[in-house]
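Please treat every number below as a calculation from the coordinates, not as lab data. What you see is a predicted model; the values in this text were computed from it and never measured. So basically every Cβ, Gly included, is an ideal-geometry build from the backbone, and we count neighbours across all protein chains shown.
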Amino acid sequence: MSKVDRRILKSQEAIKRAILELMTEKNFDQITIQDISDRANVSRKTIYLHYADKFDLLDKLIEESIDKLREVGEAACELDWKPATQVCFEYLESHYPFFSTMLANKGAPYFRSRFLKYQIEAFQNELRKTHDRKNAVNEEITVQFVASAYVGVVEWWLTNGMPHPPRVMADQVGTLFEALYE
């Protein structure tokens, strides 16, 4: 396994940080590669060495974040609803700048759809483990309902500056999950 040059990692981190900062200031469509280059203090060529364009940059940033959230979620699924939900809310809290920016910026609506897709997959997997097949509610409808509600609550929580701590959110959302899955 080859090591990645630390200069490359530093450049990539600066580029990612730059686009997030810029997205808090203006719509994604208004951001240029030159803006990113100036903010990250790297050349345009450096950006193009790592990313095809700003859309590729944003796509890779989103994919990386969803993958990390997936890892946290999979580890948390070994727990009961409330502790698992708390782990997820704590992760979201610790990455607040990224998630709040992605959910608030009108230029990144595909983040919300990717986040929802991830939640649908996660709830499908969980439902298959716990769902009583004789339940009157269709599994697909249940998954769509739960995932959409969860994404909506997360979006509300983040865009409102996290008005409740992760523990409270986990308790409330976990109680709703438990009621739904009983």
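Sum -39500 (n - 2.57) across every DSSP H segment of at least 4 residues in the chain, then divide by the residue count to get the 222 nm mean residue ellipticity, nearest 500. That comes out to -25500 deg cm²/dmol. Computed about its Cα centre, the charge dipole of the chain is approximately 660 debye, with only Lys, Arg, Asp and Glu carrying charge at their Cβ. For the pairs Lys26/Lys68; Lys10/Lys60; Lys26/Lys60; Lys3/Lys68; Lys10/Lys68; Lys3/Lys60, flag any whose C-alpha to C-alpha distance is greater than 23 Å. Check vs 23 Å cut-off fails for Lys26/Lys68. Put in line by how crowded their Cβ is, counting other Cβ atoms within 10 Å and starting with the fewest, Val153, Val87, Val4, Val168 read Val4, Val168, Val153, Val87.
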